[in-house]
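The structure under discussion appears below in the form of structure tokens.
The values are calculated or read from the model by the stated rules, or taken from the named source; none is laboratory data. Here the structure is a predicted model, which means the values were calculated and not measured. Ideal geometry is used to build each Cβ from the backbone, glycine not excepted, and the neighbour counts take in all protein chains shown. For accessibility, only protein heavy atoms count, side chains too; no ligands or nucleic acids. Shrake-Rupley method; radii C 1.70, N 1.55, O 1.52, S 1.80 Å.
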Amino acid sequence: MARIIDGRRIAADIRKEVREATEELKRTKGITPGLAFILVGENPASQVYVGMKGKACAEAGFYSVTEVMPASTSEEALLKKIAGFNADPAVHGILVQLPLPGHIHERRVLEAIDPAKDVDGFHPYNVGQLVIGNKTLRPCTPAGIQELLLRSGIDPAGKHVVVAGRSNIVGKPIANILLQKAAGANSVVTVVHTGAGDVGRYTKLADILIAAVGKPGMIKGNMIKPGAVVIDVGTNRIEDPTAKNGTRLVGDVEFESASKVASAITPVPGGVGPMTIAMLLKNTLEAATAQASRS
């Protein structure tokens with residue numbers, strides 16, 4: 001059976017490191033990292049996510065503010081709110097919770113955020129910096145995947161990493177992170193997606209398989225090379241009459257069959273998920289430190 005990669009434990013370690021570094025920043029520079037959340041509309045899942053992130057900020061010793069705007073908010077009003085946070089020296093990071101209402105152009109909103117405060121790592125400037133290998137604010141989930149590997153004693157250098165999925169949030173950035181000629185990376189990377197036809201033909205070649213396809217249980221044990229490391233990014237809610245609320249959370253990997261083949265695997269929940277908030281805090285701390293050094 002595969003070794004379980006405990007994302008909750010690793011995320012807790014990172015959050016402790018961030019809290020300690022935050023105390024040091026306050027003591028030596030008099031600076032409290034600040035994070036602004038903007039929530040447009042009343043999406044229940046988004047409300048839960050923003051609440052969790054706000055709580056995590058408080059535990060880290062951050063200053064945070066949550067701006068809740070109605071679903072009818074105009075794009076102009078949202079951009080004005082972002083401009084206000086861009087100009088606020090107490091705010092070092094800005095996070096606009098996605099998805100946005102249909103009448104608002106997501107790209108315009110993401111591009112309006114000051115790249116130095118783009119703690120989600122989605123601004124085209126930061127994406128470009130990531131691609132060419134410069135230090136920048138990186139998307140939280142992909143950065144968390146790299147941390148999971150390294151803190152579990154799994155060095156991706158020289159390994160064949162197969163990324164299943166090509167989203168801008170996970171697939172593309174983790175491929176770019178791991179192919180860089182740098183410590184904690186230097187992998188041979190293949191990105192496989194629906195255009196491949198036979199996805200398993202490629203996943204079977206992976207030393208490290210990162211599944212981010214958004215389809216529950218798509219990756220089966222017979223699609224995995226024996227001894228591979230499997231990182232399951234999927235968070236899919238499916239019906240389960242035996243569960244208390246009638247549903248349960250599963251990944252993109254069929255855990256039961258995959259865990260019999262892999263050498264190490266992340267569970268869902270408790271694998272990649274906890275890392276996202278931990279890396280958001282780390283990004284905000286880095287943004288605060290960088291902005292302090294420029295002032």
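Which of the GluC sites (Glu not before Pro) across segment 16-63 are loop residues per DSSP, with 13 or fewer other Cβ within 10 Å?
Those satisfying the criteria are 42.
Starting from the residue with the highest accessible area, list 118, 240 in decreasing order, probe 1.4 Å.
240, 118
Give the relative contact order (percent, whole number) for segment 222-295; include only Cα pairs under 8 Å separated by 6+ residues.
Relative contact order comes out at 33 percent.
Using the Kirkwood radius over Cα pairs, work out the Stokes-Einstein diffusion coefficient for segment 135-237 at 37 °C and 0.692 mPa s, in µm²/s as a whole number.
This corresponds to a translational diffusion coefficient of 242 µm²/s.
Can you tell me, using C-alpha contacts under 8 Å and at least 6 residues apart, the relative contact order of segment 2-78 as a whole percent?
Here the relative contact order equals 34 percent.
Taking only protein heavy atoms and a 1.4 Å probe, what accessible area per residue, in Å², does segment 96-206 have with all protein chains in place?
Heavy-atom accessible area per residue stands at 45 Å².
Roughly how tilted is helix 75-87, in degrees to the nearest 10 and between 0 and 90, from the longest Cα axis of the chain?
With both axes taken from Cα atoms, the answer is about 80 degrees.
What is the local net charge at residue 214, summed over the other residues whose Cβ is closer than 13 Å to its Cβ (Lys, Arg +1; Asp, Glu -1)?
Around residue 214, the surrounding residues sum to +1.
So, with a 1.4 angstrom probe, what is the percent of accessible area on the chain that is carbon and sulfur?
54 percent
Need one value: the accessible area of residue 205 in square angstrom, 1.4 angstrom probe, rounded to the nearest 10.
Surface open to solvent at residue 205 totals about 100 Å².
What does the net charge come to around residue 193 if you take all other residues with beta carbon closer than 11 Å to its beta carbon, with K and R at +1 and D and E at -1?
So the environment of residue 193 carries a net charge of +2.
Given the pairs 172/260; 81/215; 172/244; 80/181, which span a C-alpha to C-alpha distance of over 32 angstrom in this model?
Violating the 32 Å limit, Cα to Cα: 81/215; 172/244; 80/181.
Between 0 and 90 degrees, rounded to the nearest ten: what's the tilt of helix 140-151 against the longest Cα principal axis of the chain?
Between helix and principal axis, roughly 60 degrees.
Build a GNM of the chain with springs between Cα atoms under 10 Å: which of 34, 227, 273 gets the top mean-square fluctuation?
Its mean-square fluctuation being the largest, the pick is 227.
Please work out the Cα center distance from segment 60-77 to segment 237-295, rounded to the nearest Å.
If we compute the Cα centre of each part, the gap is 24 Å.
Quick one: helix 44-60 against the long Cα principal axis of the chain, what's the angle to the nearest 10°, folded into 0 to 90?
That works out to roughly 70 degrees.
Work out Dmax and Rg for the chain from the C-alpha atoms and quote the Rg first, both in angstrom.
19.3, 56
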